[in-house]
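Quick note: the coordinates plus some simple rules give every number you see, no bench work behind them. Please read all numbers here as calculations on a predicted model, not as lab measurements. Backbone-built Cβ (ideal geometry, glycine too); neighbour counts: all protein chains shown.
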Amino acid sequence: MNVKTEKLKRLIKKLFKSQKYFSEQYYIENYVNYDEEDLYKFFETFRGHLKRDTTPDETIEKYLNFIYSSDEFKKSEEIKSTYFYENDFDDIFNKEMQNISKKVSEKLEE
């Protein structure tokens, strides 16, 4: 399981209490026409995204961005950790900065 997926799961559990409730909120916010069957299908798709290592990072990022813009997140003490990649630096430096950002985030989450 990649780091972003783990973060997504942790935030869902903390802020939305369940994956089902989060998926309902996400679905209602992002899809205009829906019914109970469509909502259930989306929930199953969402659960699959959380289970598979092959889920694209872009998909996980969409879910994370939804959380970051949610009232639940804004009311919480959570922070959005971000590392901005600059092409001015070499790959070794950028990788080390990513590692530092990850360690800071993990420490803040404790």
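Using a cut-off of 29 Å between Cα atoms, the listed pairs K13/K107; K51/K95; K17/K95 include K17/K95 as exceeding that distance. Shown in residue order for segment 46-60 are the 3J(HN,Hα) couplings computed by the Karplus curve 6.51 cos²θ - 1.76 cosθ + 1.60 at θ = phi - 60°: 4, 4, x, 4, 6, 8, 7, 6, 8, 5, x, 4, 4, 5, 5 Hz (x for Gly and Pro). For trypsin sites (Lys or Arg not before Pro), the sites in segment 13-43 that DSSP calls loop and that have at most 12 other Cβ atoms within 10 Å are K17. The alpha carbon radius of gyration of the chain, expressed as a multiple of 2.2 N^0.38 Å, is 1.20.
Taking Cα atoms only, the orientation of helix 91-109 departs from the longest principal axis of the chain by about 60 degrees. In the chain the longest region clear of chymotrypsin sites (Phe, Trp or Tyr not before Pro) that are loop-assigned by DSSP and have at most 16 other C-beta atoms within 10 Å covers 35-82.
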